[in-house]
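Taking it in order: structure first as structure tokens, then the write-up.
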């Protein structure tokens, strides 16, 4: 701090500190604190705020465990609260999206970093970046066009003779979440590809050649040399894709079936349709907790630090 | 690597690019189909009607204007904040640095809807506490701006901090010794070094803001931005005007990409020529 004052003087240092203080205090810390505080308050009309009924309670969190519905898993039927179910399904299908994106991206990241010729590389990267510049809403909408009942996918499959009748993709074939998973993988796969590509790129190609010269089969070279080196990139990609998927409101609303309820949609319903901001706050606290637990889990699993991921 | 595996790798790359592009082509194609629904099959004939419908859509243009205004406001706030944050974090050391850095990068990882909800709740309860119904405290695009600034500043901070690593503080010492004022040190020495990073982060901030959906949806009040407008259109059952809009946006993206690619190629060619000339000169000297 003395260092700053010596170089830029008291006035400028004051401005720097004020800017940073405004950001961290007014835009980051206090809003999260407000959300935490509000999540324990009841939803009341404006006139009753601060009145005798405005007391702290866990009622908003209790709503999470209301309204059990039947849910069958491996033939066993369980009674699960509807919002808990939506929460668990969101976690499961986000993890599925993450795994699919990882499987799709890893070979391509390796290709870009180690096989593609250096002359064509910038062009390839530019090609890959184009869908990223077209907004997420439109990328999801593109799949809405493809998956509609009379849409090109059904027409193509029928023309090929693979199916006799058009399929309602948005209602799901295997599960209610088919369309959501397909579209989320499409929308977020590049957030997996780029960090893995960056991390493989920094691997010395001689190491791969040494492994091959010493007789390692290709899969062992990847398992023992490339993947350990790419770990920070893989961790960062997994965190990005999981968080984007679990937090997406756009994709489930645009292509999701009416029977598939994504957790952010539940939060939005509390917030917007019921105008019950307090319960919405409680639910987003639960969601935030999930995200923190997931990030910590990934950091432990891959043994990397937060600053590796934030790159 | 065997030739067959090499071929497989190229093939996979080509397949992946097709996978990324085909949905966009289908969506853009549907803009020219003379059908009430956004689809390319059945093809009912070529039309440009959806483009005229798009240009007549006043609400869409207002949403577009809102998006641009919010993005400019985000750039104006996030670039100074992020730059100041990078300078501060670069200057301090010790145990406080890790804590402060943690607080600064946390918004990057925070989900958009949490940022949106917390921003609305905070300003709303602040309004209730001071007992004011002033417009600042109610949902609206100004809160969308603040919510977006909270995480976009972190991107700016990371970009500027990376650039600061290559800065030589000795230059500032020298300027001070030679009698420069503090403001001059900042304006003439430090900021010129940071301008490339600040420019890049301004572009990132602008496009991040245009793209943003989650934060905006919860904070916007009744106002629309372009992404929210597209979303509400899709939800309410759509006509191919959205496809026409998508087609135009894809065209803009392609033109920008093409310009960038041509510039890069020309630069690469000039550099290759220079390197060849240097080699020739070297060979001539020997």
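The values are calculated or read from the model by the stated rules, or taken from the named source; none is laboratory data. Note that the structure is predicted; figures quoted are calculated from it, not measured. Cβ: placed from backbone, ideal geometry, glycine included. Neighbour counts: every protein chain shown.
Surrounded by fewer than 15 Cβ atoms within 10 Å (Cβ to Cβ), closer than 30 Å to residue A:22 by Cα and modelled with pLDDT of 90 or more, is that true of residue B:162?
Working: surrounded by fewer than 15 Cβ atoms within 10 Å (Cβ to Cβ): yes; closer than 30 Å to residue A:22 by Cα: yes; modelled with pLDDT of 90 or more: yes.
Against the criterion (surrounded by fewer than 15 Cβ atoms within 10 Å (Cβ to Cβ), closer than 30 Å to residue A:22 by Cα and modelled with pLDDT of 90 or more), residue B:162 qualifies.
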Quick count over the stretch B:71-111, residues being assigned to a helix (DSSP H, G or I) and under 29 Å from residue A:54 (Cβ atoms), is 0
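Just to be sure before I move on: is residue A:195 away from chain B (no Cβ under 12 Å), touching a helix residue (DSSP H, G or I) at 6+ places or on another chain (Cβ under 6 Å) and crowded, with 20+ Cβ neighbours inside 10 Å in the structure I sent? If you could, list the steps in order and put the result at the bottom.
Working: away from chain B (no Cβ under 12 Å): yes; touching a helix residue (DSSP H, G or I) at 6+ places or on another chain (Cβ under 6 Å): yes; crowded, with 20+ Cβ neighbours inside 10 Å: yes.
So residue A:195 passes the test.
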Scan (1) touching a helix residue (DSSP H, G or I) at 6+ places or on another chain (Cβ under 9 Å); (2) under 29 Å from residue B:117 (Cβ atoms); (3) in a helix (DSSP H, G or I) for the single condition residue B:185 breaks and write down its number. (2)
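Among the listed residues A:157, A:88, A:162, A:174, which satisfies the condition of being under 22 Å from residue B:111 (Cα atoms) and out of contact with any helix residue (DSSP H, G or I) (no Cβ under 8 Å at 6 or more places or on another chain)?
Working: A:157 fails: under 22 Å from residue B:111 (Cα atoms); A:162 fails: under 22 Å from residue B:111 (Cα atoms); A:174 fails: under 22 Å from residue B:111 (Cα atoms).
So the residue among A:157, A:88, A:162, A:174 that is under 22 Å from residue B:111 (Cα atoms) and out of contact with any helix residue (DSSP H, G or I) (no Cβ under 8 Å at 6 or more places or on another chain) is A:88.
Would you mind finding the one in B:29, B:94, B:45 that is within 10 Å of chain A (Cβ to nearest Cβ), modelled with pLDDT under 90, out of contact with any helix residue (DSSP H, G or I) (no Cβ under 7 Å at 6 or more places or on another chain) and more than 29 Å from residue B:203 (Cα to Cα)?
Working: B:94 fails: within 10 Å of chain A (Cβ to nearest Cβ); B:45 fails: within 10 Å of chain A (Cβ to nearest Cβ).
Criteria check complete, one pass: B:29.
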Residue that is farthest from the chain's Cα centre (by Cα), among those in the stretch B:214-243 that are crowded, with 24+ Cβ neighbours inside 10 Å and more than 8 Å from chain A (Cβ to nearest Cβ): B:240
Looking only at the stretch A:13-31, count how many residues are crowded, with 21+ Cβ neighbours inside 10 Å and without any contact (Cβ under 8 Å) to a residue 12 or more places away in the chain. 5
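Do we find a residue being more than 9 Å from chain B (Cβ to nearest Cβ), in contact with a helix residue (DSSP H, G or I) (Cβ under 9 Å, 6 or more places away or on another chain) and modelled with pLDDT of 90 or more anywhere in the stretch A:246-253?
Yes, that holds for at least one residue.
Can you tell me which of B:268, B:257, B:246 is in contact with a helix residue (DSSP H, G or I) (Cβ under 9 Å, 6 or more places away or on another chain), in contact (Cβ under 8 Å) with a residue 24 or more places away in the chain and surrounded by 11 or more Cβ atoms within 10 Å (Cβ to Cβ)? Please lay out each step first, then the result.
On the way: B:268 fails: in contact (Cβ under 8 Å) with a residue 24 or more places away in the chain; B:257 fails: in contact (Cβ under 8 Å) with a residue 24 or more places away in the chain.
Exactly one of B:268, B:257, B:246 is in contact with a helix residue (DSSP H, G or I) (Cβ under 9 Å, 6 or more places away or on another chain), in contact (Cβ under 8 Å) with a residue 24 or more places away in the chain and surrounded by 11 or more Cβ atoms within 10 Å (Cβ to Cβ), namely B:246.
From B:186, B:191, B:121, which residue is more than 8 Å from chain A (Cβ to nearest Cβ) and either at pLDDT 90 or above or touching a strand residue (DSSP E or B) at 6+ places or on another chain (Cβ under 9 Å) (or both)?
Result of the check over B:186, B:191, B:121: B:191.
Go over the candidates A:90, A:123 one by one and state the one that is within 14 Å of chain B (Cβ to nearest Cβ) and under 15 Å from the mean Cα position of the chain (by Cα). Talk me through it step by step, then tell me what you get.
Details: A:123 fails: under 15 Å from the mean Cα position of the chain (by Cα).
So the residue among A:90, A:123 that is within 14 Å of chain B (Cβ to nearest Cβ) and under 15 Å from the mean Cα position of the chain (by Cα) is A:90.
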Looking at (1) part of a helix (DSSP H, G or I); (2) at the interface with chain B (Cβ under 9 Å from one of its Cβ atoms); (3) under 15 Å from residue B:39 (Cβ atoms), which one does residue A:170 not meet, given that it meets all the others? (2)
Kindly list, by first and then second residue, each pair from a residue in the stretch B:90-108 that is without any contact (Cβ under 8 Å) to a residue 40 or more places away in the chain and at negative phi to a residue that is surrounded by 13 or more Cβ atoms within 10 Å (Cβ to Cβ) and outside any helix (DSSP H, G or I), limited to pairs with Cβ atoms under 8 Å and residues at least 6 apart or on different chains. B:100/B:92
Can you find even one residue in the stretch B:169-182 that is modelled with pLDDT of 90 or more, in the same structural domain as residue B:139 (by TED's automatic domain parsing), assigned to a helix (DSSP H, G or I) and closer than 29 Å to residue B:107 by Cα? no
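Among the residues of the stretch A:146-167, count how many are assigned to a helix (DSSP H, G or I), facing chain B (nearest Cβ under 7 Å) and within 26 Å of residue A:92 (Cα to Cα).
Start the filter on the stretch A:146-167 by keeping residues that are assigned to a helix (DSSP H, G or I), which leaves A:146-147, A:152-159.
Next, only the ones that are facing chain B (nearest Cβ under 7 Å) stay: A:146, A:152, A:155.
From what is left, the residues that are within 26 Å of residue A:92 (Cα to Cα) are A:146.
Result for the stretch A:146-167: 1.
Considering only the stretch B:194-213, state which residues are more than 30 Å from residue A:267 (Cβ to Cβ) and either surrounded by fewer than 17 Cβ atoms within 10 Å (Cβ to Cβ) or at the interface with another protein chain (Cβ under 8 Å from one of its Cβ atoms) (or both).
Kept after step one, since they are more than 30 Å from residue A:267 (Cβ to Cβ), are these residues of the stretch B:194-213: B:194-203.
Hits for the stretch B:194-213 are B:195, B:196, B:199, B:200, B:203.
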